[in-house]
Amino acid sequence: MKRIGKITERSLYPSLKTVFNRFGAQAVQEIYFGTQPDLIVSWLGERWLISVKIGDPTTPRLLRTAFTQYIAHMLDSGIKYGMIIFFPESIRKTPPKEEALLKSIETQDAYFLVMNPQLELRCTLAEALEKIKDTLSKKIQTSFSLKTVLRLLREHIEELMANIAVSQSEITKIIVDPELFFGISYSHETHENVFKFLATYIFLSQVLFLRLYSVEHPGILKDVNLKNLDRKKVKNCLIEF
């Protein structure tokens, strides 16, 4: 019986491959993006990008970091289907043996953020794969919960705010200043930082709206390359809407 050593995300790959193979995956391989490995699974006639994390997705920044990394890998690979799997920290306590790890993968609930179709699941891997297969075969329309999308947006905004050296009172003072709405330009650095923050927030809010709206109305983004999205393209989409 082979020993694995310290349990990391990569320690789970052999067991993940075993379960995927049971569900008809034709080929499974490991691929590197920089220093970060992910799995590529050929399943249901498509290639799937599988990103694996250990930890609670509600932990500050973990979900955002994993999501950002996944999107970068998706754009690099051109793979449209895939998921991020978050296994609980308790899986690190599994004995470092292949049989024990496979049993943990088979029995422990994980959190799945499936990108296409858009699903959020908290269940075992086998249950998740059954749900995904059923959703695709029946062409069920799905989308992420608004709570999850807003949480991701909030974490991005909080990261941006952390890099702006302006106090909450200064931000409030600028926002409620009537002159702000009359095109008065401020030259002070703090004011410029506040404007940059507000501009970024407005832009991200527009992108969020388009992303949510496009779930039911995909035509709105038919000519838009999400990798090269800018303010002009977002504005044109909103004008059409």
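The values are calculated or read from the model by the stated rules, or taken from the named source; none is laboratory data. It should be emphasised that the depicted structure is a prediction, and the values quoted were computed from it without experimental measurement. Backbone-built Cβ (ideal geometry, glycine too); neighbour counts: all protein chains shown.
Here are some notes:
The rows are residues; the columns are (1) touching a residue at least 60 places away in the same chain (Cβ under 8 Å); (2) in contact with a strand residue (DSSP E or B) (Cβ under 9 Å, 6 or more places away or on another chain); (3) loosely packed, with under 15 Cβ neighbours inside 10 Å.
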| residue | (1), (2), (3) |
| --- | --- |
| TYR32 | no, yes, yes |
| ASP38 | no, yes, no |
| TRP43 | no, yes, no |
| TYR81 | no, yes, no |
| PRO96 | yes, yes, yes |
| GLU99 | yes, no, yes |
| ASP109 | no, yes, yes |
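- GLN141 satisfies every condition listed in (1) modelled with pLDDT of 90 or more; (2) closer than 22 Å to PHE67 by Cα; (3) not hydroxyl-bearing (Ser, Thr, Tyr) except (1).
- ILE132 touching a Ser or Thr at 6+ places or on another chain (Cβ under 9 Å), under 20 Å from SER42 (Cα atoms), of a type outside the set (S, T, N, Q) and in a helix (DSSP H, G or I): no
- Cβ-Cβ under 9 Å pairs, at least 6 apart or on other chains, segment 120-136 side in the same structural domain as SER15 (by TED's automatic domain parsing) and buried (at least 16 other Cβ atoms within 10 Å of the Cβ), far side assigned to a helix (DSSP H, G or I) and not hydrophobic (A, V, I, L, M, F, W, C): LEU121/GLU127; LEU121/LYS131; THR124/GLU106; THR124/THR107; LEU125/SER15; LEU125/GLU106; LEU129/ARG22
- Checking each residue in segment 141-153 for being under 16 Å from MET83 (Cβ atoms) and assigned to a loop (DSSP other than H, G, I, E, B) picks out THR142, SER143, PHE144, SER145.
- So THR142, is it hydroxyl-bearing (Ser, Thr, Tyr), surrounded by fewer than 18 Cβ atoms within 10 Å (Cβ to Cβ) and within 13 Å of the chain's Cα centre (by Cα): no
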